[in-house]
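Worksheet for the structure shown next.
The values are calculated or read from the model by the stated rules, or taken from the named source; none is laboratory data. These numbers were taken from a predicted model, which means no experiment stands behind them. Neighbour counts run over all protein chains shown; Cβ positions are idealised from the backbone, glycine included.
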Amino acid sequence: MSGSITRRAVLGGLLLASAPCTASAAPRPNPWPRWQASDETSTASIDYAPWDHFLARHLVAGSDGINRVAYRRVLPEEREALSIYLAALAGLPVTAYRRTEQLAYWINLYNALTVRVVLDHYPVASIRDIAPGLFSRGPWRKKLTRIEGEEVSLDDIEHRILRPFWRDPRLHYAVNCAALGCPNLQPRAFTAATAASMLDEGARAYVNHPRGAQIVDGRLHVSSIYVWYQEDFGGNDAGVIAHLRRYAAPPLAQALASQTRIAGDSYDWSLDDASAL
């Protein structure tokens, strides 16, 4: 009897661990000191033309304001070209670049790796269906590339490099998780020169889209991103609302002025697949 209970408890714990993120389970920033180094005297820049070319061919702007990827029409040779480009990025000495160049590098690498992962498993209904293990959901913890001798995962890039070293809530509008609920994959690569403006652009686009924030029956409903990662947006409802007001267009900003708490949140994990349009 006790053995049966123990097995059920262990299984329950494993199933809970594989459940979608909640506010209490969202990864926290966990700095990886290995990637803190930079050379601020460097004037070198990284070529993102192949990623720009891929986005120009396969990113589709929907009439609903959501950008989607035309995964189905990506040709085998284009998949191979993307993999070759990712290998080239992984071969760069990223710590030898200045910080502004590194920021663009990590964002573009994250987004291109995510697209390749989906392509490798397509067709799927959701990126969470791509599971490297029995009790995992989604590919985020799987080591996908090797950089300067280190195996690196999507979670490493987001939660051990970008979030702890840049400490900028706008990063949540830059890294794309291939879901309809996620901020848009932008139609061009980030660069050292454009990253700041693109982060602002991404923030404004998402905050002012219904999947970011909306007032329903006088109450504030937001993307679950603001709940899962509340600590990045001020640590409480008031902090999130202040962040939303910073990027809200006048109609939404006016509506937010009377809000003091988040009434509900949601997130659509459906794949950002242009063929579904």
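Things worth noting here:
- Out of Ala213, Ala192, Ala205, sole residue that is more than 16 Å from Asn108 (Cβ to Cβ), touching a residue at least 40 places away in the same chain (Cβ under 8 Å) and surrounded by fewer than 20 Cβ atoms within 10 Å (Cβ to Cβ): Ala205
Listed here are the residues, each with its yes/no results for (1) in contact with an Asp or Glu (Cβ under 9 Å, 6 or more places away or on another chain); (2) of a type in the set (S, T, N, Q); (3) modelled with pLDDT of 95 or more.
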residue: His159; (1), (2), (3): no, no, yes
residue: Leu162; (1), (2), (3): yes, no, yes
residue: His172; (1), (2), (3): yes, no, yes
residue: Cys182; (1), (2), (3): yes, no, yes
residue: Leu185; (1), (2), (3): yes, no, yes
residue: Thr191; (1), (2), (3): yes, yes, yes
residue: Ser197; (1), (2), (3): no, yes, yes
residue: Glu201; (1), (2), (3): no, no, yes
residue: Arg204; (1), (2), (3): no, no, yes
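- Meeting the requirement of 3 or more residues that are without any contact (Cβ under 8 Å) to a residue 40 or more places away in the chain and closer than 30 Å to Ser126 by Cβ, the helices (runs of 4 or more DSSP H) wholly within segment 217-277 are 237-247.
- Only residues that are closer than 18 Å to Thr145 by Cα and touching a residue at least 12 places away in the same chain (Cβ under 8 Å) were counted across segment 51-83, and they come to 5.
- Failed item in (1) crowded, with 17+ Cβ neighbours inside 10 Å; (2) under 15 Å from the mean Cα position of the chain (by Cα), with Ser270 passing the rest: (1)
- Residue, surrounded by the fewest Cβ atoms within 10 Å (Cβ to Cβ), within segment 31-53, restricted to residues that are assigned to a loop (DSSP other than H, G, I, E, B) and charged (D, E, K, R): Glu40
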